[in-house]
Amino acid sequence: MIYFDNINEFANRLSLYMKRNFYLEILQRAEHKISEHCLLYGDNCPPSQGWIKITKQKILTKEEIEKWNKYKLLRNELSHKYLDTELVQKLQQEFTTLVDDFFELNEKINQTINYKLEKLERDFFKKIDGEIGGFVSGIGTGGTLIGIAKRLKEVNSKVKIYALEPDKMP
């Protein structure tokens, strides 16, 4: 058990712990976003391969990839070590730039995802030539179904939309 001599020491330690967790969460979200990008391009790959793919596709510059590699090294340290003085200094130095770089990465990947989705949509509607009478989908939260239904209704206002829900969940 750890005891603290004063409240300031405790508050400082708590603050560092929260920063550590937030840092780890940002990296996890970055890798999730990269996996989302890879899935859209037909690849179900682990994040390590996803980083390689976005590098080859030139979504990020070499300098940006080097920064992310540095962030990932710090993540490994944060995952396996106690927050000693040296690690605390590294975390505080990298924290602000990581947040900024995450938003930049997120925006770049969103742009490529949106481009790919728009291309898929154009190709789909070109193939069906507006001749779609209905759409059937399983329902979860309903978000995907509603989004697809809105777009199909724009193309053909008479299209029928059907949601399926199983009687029993496994």
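The values are calculated or read from the model by the stated rules, or taken from the named source; none is laboratory data. Please read these numbers as outputs of a predicted model, since none were measured by experiment. Counting neighbours? That spans all protein chains shown, and the Cβs are built from the backbone with ideal geometry, glycine included. These accessible areas exclude ligands, DNA and RNA; they are computed on the full protein's heavy atoms, side chains included. Shrake-Rupley method; radii C 1.70, N 1.55, O 1.52, S 1.80 Å.
Tabulated data
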item	result
Spacing of the two label points (7 Å from each Cα toward its C-beta) at Glu77 and Leu164, in nm	5.2
Positive-end extreme of charge dipole, the range 82-131 - chosen from Asn114, Thr96, Leu83 (charges on Cβ)	Asn114
Accessible area (Å², per residue) of the chain, counting only protein heavy atoms and a probe of 1.4 Å	72
Solvent-accessible area, 1.4 Å probe, carbon plus sulfur percent, for the chain	55
Partner aspartates and glutamates for Lys67 [C-alpha distance under 18 Å; skip if fewer than 8 residues away on the same chain]	Glu25, Glu31, Glu77, Glu94, Asp100, Asp101, Glu104, Glu107
Asp5 accessible area, 1.4 Å probe, all protein chains in place, Å² to nearest 10	150
Net charge dipole size for the chain [Lys, Arg +1 and Asp, Glu -1 on Cβ; Debye, nearest 20]	600
Against the rule of thumb 2.2 N^0.38 Å, how large the Cα Rg of the chain comes out	1.46
